[in-house]
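Notes to accompany the following structure.
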Amino acid sequence: MDEELNTTYVTLDGYIEVNKYRYVYFCIIFTLYIIIICSNSTIVYVIWIHKNLHEPMYIFIAALLLNCLLYSTNIYPKLLIDFLSEKQVITYSACLFQFFMFYTLGSSEFFLLAAMAYDRYVAICKPLEYPTIMNKTTVIIFLVVSWLIPAVHIAIQAIASAEATLCNFNLKGIFCNNAVYTLHCQRSRLITVFGVVALLDLVILPMIFIVFTYTTIFIVSYQSCKEIRKKAAETCLPHLLVLISISCLSIYDVGIARVESDFPKVARLLMTLQLLLYHPLFNPFIYGLKMKEISKQLKRFFCHIMKINFSLVY
C-alpha cells in the first residue's frame, strides 16, 4: 500500500479526442504495428537462414531492423493500452525506462549506419583487404559498441532524471521522449551538460564520420571504372536514404522539447506519430527492395510460402 502511495504518475497529455476516436486510433496503430513486426522480422529471418547473406553488410542490416522491432515494441503496446483506457497515464519509472529505450535504440542506429559506411568503404576502396579487416571479430565489436555506448550515455541522463524533483505531472506527448525534462522543477546542470555531450557523441560525430566516409567512397568510385560506380550506388544509396530519414526525425525530436505551448497540439501529435511510423516502416521497404540480394531471397521466400499454402488448399 505504501509503495502504491509513493508511486508517481504522469499524465500523457498529447492525445486528441481519445474518447471519440479511441477505436479508430487503436485499429490504425494495431495494423501498423503488425506490418512493422512482419516486414522487419521477415527480412531479419531471411538474412538469418541464408548463409550467402551472412556477410557484415547484411548482418548490420539485420541489426538495424531488429532495432526497429525493439524501438516499436517499446512504444506501440503502451499506445494501444492508452487508446482503450479512460486515463492516459504512466508511472514516472516506466516513463524513464521508455525514455531510456527510445534514445538508446535511436542512437544505436547512427552507430550501425556508421559501421555500414565503414564496411562499404573497405569493400569498395580496399577490396583486397576486406576479408582481413571485416572479419567476425570486427563485426561483433561494432555491434557491441553500437548498443553499449548509447546505453551508457542515456543511462546517465535517465538516472539523473530519476533523482530530479518534479513540479509538473502533465507530459505534452503520447510517449516519453525528451519532453520528460519539462516535468522537472529545474533541469540539473548534469542533464544539460551531458545532453550536449550525448548529442555530440551519439549523433553529430557518427554523422560526420558517415558523410566523410561516403564522400571518400564516391570520390574513389567516380575515378574508377563503371562497375565500381554501379556497386557503390547500389550498396550505398539505401544506407544514405535511411540516414537522411533518421536525421530529419532526430532534428524534430531534439527541437520539439525546446518548443512549449507555442506549438499546436494537433501539429505536435502528427509530427510525433511520424517519429513512430516512418522509420520502422521505411527501413524494411528500402532494404527489401533496394538491396539486390535481399530482394532476390525475399522473392524466393514468398514464392515458397505461396507454394505451401497452395498445396495445403488443394
Residues in the stretch 75-83: is at least one farther than 26 Å from S245 by Cα, at pLDDT 90 or above and β-branched (V, I, T)?
-> yes
Counting just the residues of the stretch 84-112 that are in a loop (DSSP other than H, G, I, E, B) and touching a helix residue (DSSP H, G or I) at 6+ places or on another chain (Cβ under 9 Å), which one comes out surrounded by the most Cβ atoms within 10 Å (Cβ to Cβ)?
-> Q88
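Can you tell me which residue is farthest from E293 (Cα to Cα) among those in the stretch 35-52 that are modelled with pLDDT under 85 and in contact with a helix residue (DSSP H, G or I) (Cβ under 8 Å, 6 or more places away or on another chain)? Give the steps one after another, and end with the answer.
Going through the stretch 35-52, the residues modelled with pLDDT under 85 turn out to be 50-52.
Now drop any that are not in contact with a helix residue (DSSP H, G or I) (Cβ under 8 Å, 6 or more places away or on another chain), which leaves 50, 52.
Details: H50: 10, N52: 9 Å.
Ranking the candidates gives H50 first.
Take I29 and tell me if it is assigned to a helix (DSSP H, G or I), out of contact with any Pro (no Cβ under 7 Å at 6 or more places or on another chain), surrounded by 18 or more Cβ atoms within 10 Å (Cβ to Cβ) and modelled with pLDDT under 90.
The answer is no for I29.
Going by what's in this entry, would L69 be described as surrounded by fewer than 21 Cβ atoms within 10 Å (Cβ to Cβ) and on the phi < 0 side of the Ramachandran plot?
Numbers: surrounded by fewer than 21 Cβ atoms within 10 Å (Cβ to Cβ): yes; on the phi < 0 side of the Ramachandran plot: yes.
Criteria met by L69.
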Looking at I49, I61, I81, which one is of a type in the set (V, I, T), surrounded by fewer than 22 Cβ atoms within 10 Å (Cβ to Cβ) and farther than 30 Å from V18 by Cβ?
-> I49
Going through the stretch 4-24 one residue at a time, which ones are open to solvent by less than 60 Å² (accessible area, probe 1.4 Å) and either in a helix (DSSP H, G or I) or touching a strand residue (DSSP E or B) at 6+ places or on another chain (Cβ under 9 Å) (or both)?
-> T7, T8, V10, T11, L12, G14, V18, R22
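List the helices (runs of 4 or more DSSP H) that sit entirely inside the stretch 208-314 and contain at least 2 residues that are charged (D, E, K, R), modelled with pLDDT of 65 or more and farther than 22 Å from F99 by Cβ.
Counting at least 2 such residues, we get 226-256, 292-313.
Report yes if S146 is touching a strand residue (DSSP E or B) at 6+ places or on another chain (Cβ under 8 Å), modelled with pLDDT of 85 or more and in a helix (DSSP H, G or I), otherwise no. Even if it seems obvious, please write down each step before you answer.
Working: touching a strand residue (DSSP E or B) at 6+ places or on another chain (Cβ under 8 Å): no; modelled with pLDDT of 85 or more: yes; in a helix (DSSP H, G or I): yes.
Considered against the rule, which asks whether it is touching a strand residue (DSSP E or B) at 6+ places or on another chain (Cβ under 8 Å), modelled with pLDDT of 85 or more and in a helix (DSSP H, G or I), S146 comes out as no.
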Looking only at the stretch 149-181, and only at residues there that are in a helix (DSSP H, G or I) and of a type in the set (G, A, S), the one that is surrounded by the most Cβ atoms within 10 Å (Cβ to Cβ) = S161
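For the stretch 274-288, which positions are of a type in the set (A, V, I, L, M), open to solvent by less than 40 Å² (accessible area, probe 1.4 Å) and out of contact with any Leu (no Cβ under 6 Å at 6 or more places or on another chain)? Show your work before the answer.
From the stretch 274-288, those of a type in the set (A, V, I, L, M) are 275-277, 281, 286; that's our starting set.
Okay, now just the ones that are also open to solvent by less than 40 Å² (accessible area, probe 1.4 Å), so 275-277, 286.
L276, L277 - these are the residues of the stretch 274-288 that are of a type in the set (A, V, I, L, M), open to solvent by less than 40 Å² (accessible area, probe 1.4 Å) and out of contact with any Leu (no Cβ under 6 Å at 6 or more places or on another chain).
Given the condition charged (D, E, K, R), over 30 Å from L166 (Cα atoms) and without any contact (Cβ under 8 Å) to a residue 60 or more places away in the chain, answer yes or no: does some residue in the stretch 94-113 qualify? Let's see the steps before the verdict.
We begin by selecting, within the stretch 94-113, every residue charged (D, E, K, R); these are 109.
With the extra rule that they be over 30 Å from L166 (Cα atoms), the set shrinks to 109.
Right, trim to without any contact (Cβ under 8 Å) to a residue 60 or more places away in the chain and you get none.
For the stretch 94-113, residues charged (D, E, K, R), over 30 Å from L166 (Cα atoms) and without any contact (Cβ under 8 Å) to a residue 60 or more places away in the chain: absent.
The values are calculated or read from the model by the stated rules, or taken from the named source; none is laboratory data. On a predicted model such as this, the values are computed, not experimentally measured, just so you know. Cβ coordinates were reconstructed from backbone atoms using ideal geometry, including for glycine residues, and neighbour counts include every protein chain displayed. These accessible areas exclude ligands, DNA and RNA; they are computed on the full protein's heavy atoms, side chains included. Shrake-Rupley method; radii C 1.70, N 1.55, O 1.52, S 1.80 Å.
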